[in-house]
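Novice: Got a structure for you, written out below as structure tokens; questions coming shortly.
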Amino acid sequence: MKRNLFTFILLLILSGISTGIVAQQTVKGIVTDAGDSTPIPGVTVMVKGTDIGTISDINGNYKINVPQGKDYLVFSYVGMKTIEMKITGTELNVALAPENEEIAEIMVIASFAKDRHTPVSFSTISPEIITEKLGNQEFPEILKSTPSVYATKEGGGYGDSRINLRGFDSSNIGVLINGVPVNGMENGRVYWSNWAGLSDVTRTMQVQRGLGASKLAISSVGGTINIITKTTDAKKGGSVYLVTGNNGYSKTAFTLSTGIQDNGWAVTVSGSKTQGDGYVRGTNFKGYSYFFNVSKRLTDNQTLALTAFGAPQWHNQRSSQHFISTYLSKPDGVLYNSDFGYRNGKVYGGGYAYNEYHKPQISLNHNWSINSVTNLSTAIYASKSTGGGRRISGTQSNLLTFQYPSGEPNAETLITPDGHLDYDSVMKINQASNTGSQAIVAMSNNSHDWYGILSSLNTKVGDINITAGIDGRYYKGYHYQVVDDLLGGKYFLDGANVNRDASTPLYKGDKFAYYSLGEVLWEGFFAQGEYVAESFSGFVSGSVSNSSYRRTDYFAYTPEEGQVTDWTNFLGYSGKAGVNYNINEHHNIFANGGYFTRAPFFKYAFIGHTNTFNEGAKNERVLSSELGYGYRSVKVNANVALYRTKWMDKALTRTLGQETANITGLDALHQGVEAELTYKPSHKLTVKGMLSVGDWIWEKDVAAAVYDQNQVFMDSVFIYSKGIHVGNAAQTTAALGIDAEVLPKLTIGVDVNYYANLYSYFDINSRVKESDIGVDAWKMPDYTLADFNVKYKFKVAGLNAAIYGKINNILDTEYIADATDGVTHDYATSPVFYGFGRTWSIALKVRF
């Protein structure tokens, strides 16, 4: 059946392809930048309505043969407006302008890479691809067909996806939105549920693998994800977007724009609502997104823009992995979710199985073209988030929790006959208790205030473009638990707060367990020099940053003892350089390399959850290099890159009794090869391919000696990690995609992704047994997935409209996407999450 399906799709694709040969004339010219009149290499020049095309050479020159009867040429280049020009003779010179001046300015701040210019490996995702390919998948999954990316839905809750790049998780991937870093200031993580509506407002998206082009001192160990949102649309109009999908999925979205008015003002507003029952049992959700941008051209050389966006949401989750045998024994099979029950007839997630959050971000961007060669761009931004996740607490919390990581119930766990958490029985226990509730529902709050400024000055001295700027941030995180539901009890008792009598009854909204603040102050400076010639470009950049940490604990210390620490500082720096050489209009080679140090995350700066400084904490170090080759023609684009990244002195601590050991010298080596290919034999057909093969391993065993406060030797700690493959991401990935216009205005696409050499997740801190020496984590089975999409464009009431259809995992393949290594490193003892089976969505978009 699979063979017949692919045969049918291929015949359908080929049926829409046709070509012809007619008499012709030759047209030539030069393509330049409308802003500074410099030539633009690599511009695609097509004869409108045909497959005939060429690209501009190093000096912006092009030459093309035009059939008789064809009167227009189409010029396109990433970041520039696509224009059609009428042929009036044998010479046609063209000046391209940015798609949107505001976007062009943001791309500069965000260090958006340019083809055959910026010497880094990167892949760019257009908004059309997001609309056509994403469907009802998680936002990071749009990147799954790019090299060295592994993205999964983890437990399957709304926004609970994760992404790894070259084997590194989100805490080691720099994520920028409009050039502003959004990785958590305390732990470097990116929680995609906070940005669940981001796909609705994304203008373009770029993945820069390795050190990347960003001038900032960010966590680009594995790479950088650069997201550019909508700005003010240049044209007046808008759109309405309606989606329906499997398991009650629905989305309603709109965009309205005034366009740029005669007085220089422009406003764009977008909003959406998304809800559904969730593919996995007990993972229903509801989310909103909003976007607002207002801009004003102050003078001929100054613009001001205010942007605000956010995505408030709540969703039930599946947090517990289970053994394969457990899934097989349950009626729900791979959709089984142990982490919920029912209250008042509605799904009610348990501990780590419900989340609500709202993280709005507001930025004010000012751009000033001081003169013809000097420009100053400044962004001031703020984010004030609220929300957290559900927890089960109390002396008998085991009544409603499961073992980690196996997902097996505790001996005390109360489960209904149909396999759900038994809240009613717990309520009876609490009602009968004379000492308050024994198990309660709590909310773990992780809100924050975040303010920052990012300012960059760019000028030209001779043939050198010089950029310098500042990156300042202040962050305060609020961490505490509050009583949310007493589950039938009269009150709750907690003795964690030394400033409150342990017999004090607590009620809904009262804080308990812990209450601390984490403050981070970041001061950064960066500079870059770039040389650009006709066939050569190169850059050298560097940055210095100081990370200051301060902790406040309102529960573990009295005011007399002192609840606020002093600031502790970690100085980091980076240096990197790269060169690109355009051999001719088709071939280019590039190389880059760099070294940077990174301050340890907040939790490593203090011992345990205390205000005691960890005096032995030290910076992590990264050494990275890359060599690449590119080929460009009208029909073929290809890239190949070799990379090597060494991650040194990964922060790691072990506790023995009251003492903490800092384990240093833990290094990982990530190296591999990546290739991308786009073949466009016709304007009706596009074929894309990708292959990435990595070799990611921990390099050596490490040991640390533990001393008490009197410097008396206590014990030695060993980590047996030498030669073990890095887990939690497929080290080999491949993709093949075909998109074809099979009938006028009807386009279909097929994407096939392959994943191999996928080792399950494991905590390197747990590799302390000699029997673990040289033993890899469980290697999960390889798997292949196929997706299908279709688009049909039409008119309705004179308006442009399109219908989009998407089927994910069209063959309904059963596969394991995530796993945690078991005690015997095999399938029997390793708990897992299965990936999603077949899902679908249908969307209608009307533009006006």
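The values are calculated or read from the model by the stated rules, or taken from the named source; none is laboratory data. A quick note: this is a predicted structure, and the numbers were derived from the prediction, not measured. Glycine also receives a Cβ, built like all others from the backbone with ideal geometry; neighbour counts cover every protein chain displayed. When the accessible area is computed, the model is the full protein with side chains, heavy atoms only, and any ligands, DNA or RNA have been set aside. Shrake-Rupley method; radii C 1.70, N 1.55, O 1.52, S 1.80 Å.
Novice: Against the conditions (1) surrounded by fewer than 20 Cβ atoms within 10 Å (Cβ to Cβ); (2) under 26 Å from the mean Cα position of the chain (by Cα); (3) not β-branched (Val, Ile, Thr), where does Ala432 fall short? Just the number, please.
Specialist: Result: Ala432 fails condition (2) only.
Novice: Quick check on the range 342-364: of everything there that is small (Gly, Ala, Ser) and buried (at least 16 other Cβ atoms within 10 Å of the Cβ), which residue is nearest to Val201 (Cα to Cα)?
Specialist: Per the stated criteria, the residue is Ser363.
Novice: Would a scan of the range 469-485 turn up a residue that is over 26 Å from Ser369 (Cα atoms) and β-branched (Val, Ile, Thr)? Give the derivation first.
Specialist: Start the filter on the range 469-485 by keeping residues that are over 26 Å from Ser369 (Cα atoms), which leaves 474-485.
If we keep only those that are β-branched (Val, Ile, Thr) as well, we get 482-483.
Yes, the range 469-485 contains a residue that is over 26 Å from Ser369 (Cα atoms) and β-branched (Val, Ile, Thr).
Novice: So, in the range 828-838, exactly how many residues are open to solvent by 50 Å² or more (accessible area, probe 1.4 Å) and either of a type in the set (Asp, Glu) or more than 29 Å from the chain's Cα centre (by Cα) (or both)?
Specialist: 1
Novice: Separate question: Would you call Gly174 open to solvent by less than 10 Å² (accessible area, probe 1.4 Å), within 18 Å of Phe596 (Cβ to Cβ) and out of contact with any Leu (no Cβ under 8 Å at 6 or more places or on another chain)?
Specialist: Against the criterion (open to solvent by less than 10 Å² (accessible area, probe 1.4 Å), within 18 Å of Phe596 (Cβ to Cβ) and out of contact with any Leu (no Cβ under 8 Å at 6 or more places or on another chain)), Gly174 does not qualify.
Novice: Quick one: in the range 497-551, of everything that is part of a strand (DSSP E or B) and β-branched (Val, Ile, Thr), which residue is nearest to Gly469 (Cα to Cα)?
Specialist: Val544
Novice: What do you reckon, is Asn611 open to solvent by less than 60 Å² (accessible area, probe 1.4 Å), in contact (Cβ under 8 Å) with a residue 60 or more places away in the chain, closer than 30 Å to Lys635 by Cα and over 31 Å from the mean Cα position of the chain (by Cα)? Give the derivation first.
Specialist: Working: open to solvent by less than 60 Å² (accessible area, probe 1.4 Å): yes; in contact (Cβ under 8 Å) with a residue 60 or more places away in the chain: yes; closer than 30 Å to Lys635 by Cα: no; over 31 Å from the mean Cα position of the chain (by Cα): yes.
No: the conditions fail for Asn611.
Novice: Working carefully through the options Ala113, Ala104, Ala95, find the one that is in a helix (DSSP H, G or I), among the small types (Gly, Ala, Ser) and over 28 Å from His315 (Cβ atoms).
Specialist: That would be Ala104, the only listed residue that is in a helix (DSSP H, G or I), among the small types (Gly, Ala, Ser) and over 28 Å from His315 (Cβ atoms).
Novice: Going by what's in this entry, would Gly212 be described as modelled with pLDDT under 95 and in a loop (DSSP other than H, G, I, E, B)?
Specialist: Against the criterion (modelled with pLDDT under 95 and in a loop (DSSP other than H, G, I, E, B)), Gly212 qualifies.
Novice: Test Asn367 against the stated conditions and say whether it is within 19 Å of Leu306 (Cβ to Cβ) and either surrounded by 19 or more Cβ atoms within 10 Å (Cβ to Cβ) or not assigned by TED's automatic domain parsing to the domain that holds Thr435 (or both).
Specialist: Details: within 19 Å of Leu306 (Cβ to Cβ): yes; either surrounded by 19 or more Cβ atoms within 10 Å (Cβ to Cβ) or not assigned by TED's automatic domain parsing to the domain that holds Thr435 (or both): yes.
When the stated conditions are applied, Asn367 passes them.
Novice: Would you say Thr118 is over 22 Å from the mean Cα position of the chain (by Cα) and not in a helix (DSSP H, G or I)?
Specialist: No: the conditions fail for Thr118.
Novice: Against the condition in a loop (DSSP other than H, G, I, E, B) and surrounded by 21 or more Cβ atoms within 10 Å (Cβ to Cβ), how does Ala641 come out, does it pass? Before you say what the answer is, go through the steps one by one.
Specialist: On the way: in a loop (DSSP other than H, G, I, E, B): no; surrounded by 21 or more Cβ atoms within 10 Å (Cβ to Cβ): yes.
For Ala641, the condition - in a loop (DSSP other than H, G, I, E, B) and surrounded by 21 or more Cβ atoms within 10 Å (Cβ to Cβ) - is not met.
Novice: Would you mind listing the strands (runs of 3 or more DSSP E) fully within the range 759-820 where at least 1 residues are open to solvent by 50 Å² or more (accessible area, probe 1.4 Å)?
Specialist: Qualifying strands (runs of 3 or more DSSP E): 783-796, 799-808.
Here's the yes/no breakdown for (1) surrounded by 17 or more Cβ atoms within 10 Å (Cβ to Cβ); (2) on the phi < 0 side of the Ramachandran plot:
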site: Gly60; (1), (2): yes, no
site: Lys63; (1), (2): no, yes
site: Gln68; (1), (2): no, yes
site: Tyr77; (1), (2): yes, yes
site: Met80; (1), (2): yes, yes
site: Met85; (1), (2): yes, yes
site: Leu92; (1), (2): yes, yes
site: Ala95; (1), (2): no, yes
site: Ile103; (1), (2): yes, yes
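Novice: If you don't mind, another one. For the range 513-543: of the residues being touching an Asp or Glu at 6+ places or on another chain (Cβ under 9 Å) and closer than 17 Å to Arg598 by Cα, which is most open to solvent (accessible area, probe 1.4 Å)?
Specialist: So, considering only residues that are touching an Asp or Glu at 6+ places or on another chain (Cβ under 9 Å) and closer than 17 Å to Arg598 by Cα, the one most open to solvent (accessible area, probe 1.4 Å) is Phe525.
Novice: Within the range 196-225, which residues are under 13 Å from the mean Cα position of the chain (by Cα) and of a type in the set (Lys, Arg)?
Specialist: Selection gives Arg209 alone.
Novice: OK, next. Starting from the range 228-241, keep only residues that are at pLDDT 90 or above, then list their pairs with residues that are open to solvent by 10 Å² or more (accessible area, probe 1.4 Å) and of a type in the set (Lys, Arg) whose Cβ atoms are within a distance under 8 Å, requiring at least 6 positions of separation or different chains.
Specialist: Final answer for the pair search is Gly237/Arg847; Gly238/Arg847; Ser239/Lys845; Ser239/Arg847; Val240/Lys845; Tyr241/Lys251; Tyr241/Lys845.
Novice: Cβ-Cβ distance below 7 Å, separation of 6 or more or different chains: which pairs start in the range 569-587 with a residue that is farther than 30 Å from Leu677 by Cα and end on one that is among the aliphatic types (A, V, I, L, M)?
Specialist: The qualifying pairs are Phe570/Ala599; Gly572/Ala217; Gly572/Ala599; Tyr573/Val544; Ser574/Ala217.
Novice: In addition: Identify all residues within the range 252-304 that are out of contact with any strand residue (DSSP E or B) (no Cβ under 7 Å at 6 or more places or on another chain) and surrounded by 16 or more Cβ atoms within 10 Å (Cβ to Cβ); write none if there are none. Outline the logic, then answer.
Specialist: Residues of the range 252-304 out of contact with any strand residue (DSSP E or B) (no Cβ under 7 Å at 6 or more places or on another chain): 261-263, 277, 280-281, 299-300.
Selection gives Asp277, Val280, Arg281.
Novice: Looking at the range 112-131, can you tell me whether even one residue there is open to solvent by 20 Å² or more (accessible area, probe 1.4 Å), under 25 Å from Gln24 (Cβ atoms) and among the small types (Gly, Ala, Ser)?
Specialist: no
Novice: Hey, among Met46, Met85, which residue is without any contact (Cβ under 8 Å) to a residue 24 or more places away in the chain and either over 30 Å from Gly264 (Cβ atoms) or not aromatic (Phe, Trp, Tyr) (or both)?
Specialist: Just a single option satisfies the conditions, and that option is Met85.
Novice: Can you name every residue in the range 153-195 that is of a type in the set (Phe, Trp, Tyr) and over 10 Å from the mean Cα position of the chain (by Cα)?
Specialist: Listed by number, the residues that qualify are Tyr158, Phe168.
Novice: Return the residues of the range 545-574 that are polar (S, T, N, Q), over 17 Å from Met185 (Cβ atoms) and either surrounded by fewer than 17 Cβ atoms within 10 Å (Cβ to Cβ) or touching a Pro at 6+ places or on another chain (Cβ under 7 Å) (or both); say none if nothing qualifies.
Specialist: Listed by number, the list holds a single entry, Thr558.
Novice: Another one. Report, by residue number, each residue of the range 721-746 that is buried (at least 21 other Cβ atoms within 10 Å of the Cβ) and of a type in the set (Ser, Thr, Tyr).
Specialist: Ser721, Thr733 - these are the residues of the range 721-746 that are buried (at least 21 other Cβ atoms within 10 Å of the Cβ) and of a type in the set (Ser, Thr, Tyr).
Novice: Also, quick follow-up: Which residue, of Gly276, Gly287, Gly248, is over 30 Å from Ser363 (Cβ atoms) and either touching a residue at least 60 places away in the same chain (Cβ under 8 Å) or among the polar types (S, T, N, Q) (or both)?
Specialist: Step by step, each of Gly276, Gly287, Gly248 is checked, and only Gly276 is over 30 Å from Ser363 (Cβ atoms) and either touching a residue at least 60 places away in the same chain (Cβ under 8 Å) or among the polar types (S, T, N, Q) (or both).
Novice: For a quick check of your reading: which strands (runs of 3 or more DSSP E) sit entirely within the range 219-260 and have at least 1 residues that are aromatic (Phe, Trp, Tyr)? Full working, then the answer.
Specialist: Working: elements: 223-229, 237-245, 250-257.
Those strands (runs of 3 or more DSSP E) span 237-245, 250-257.
Novice: Could you tell me which numbered condition Tyr474 fails, if it satisfies all but one of (1) on the phi < 0 side of the Ramachandran plot; (2) at pLDDT 95 or above; (3) more than 27 Å from the chain's Cα centre (by Cα); (4) open to solvent by 20 Å² or more (accessible area, probe 1.4 Å)?
Specialist: (3)
Novice: While we're on this one: So, in the range 536-561, of the ones that are touching a residue at least 40 places away in the same chain (Cβ under 8 Å) and of a type in the set (Gly, Ala, Ser), which residue ends up farthest from Tyr62 (Cα to Cα)?
Specialist: Out of the qualifying residues, it is Ala556.
Novice: So, one more: Which ones in the range 562-589 are within 30 Å of Asn59 (Cβ to Cβ) and in a strand (DSSP E or B)?
Specialist: Answer for the range 562-589, where residues must be within 30 Å of Asn59 (Cβ to Cβ) and in a strand (DSSP E or B): Lys576, Ala577, Gly578, Val579, Asn580, Tyr581, Asn582, His587, Asn588, Ile589.
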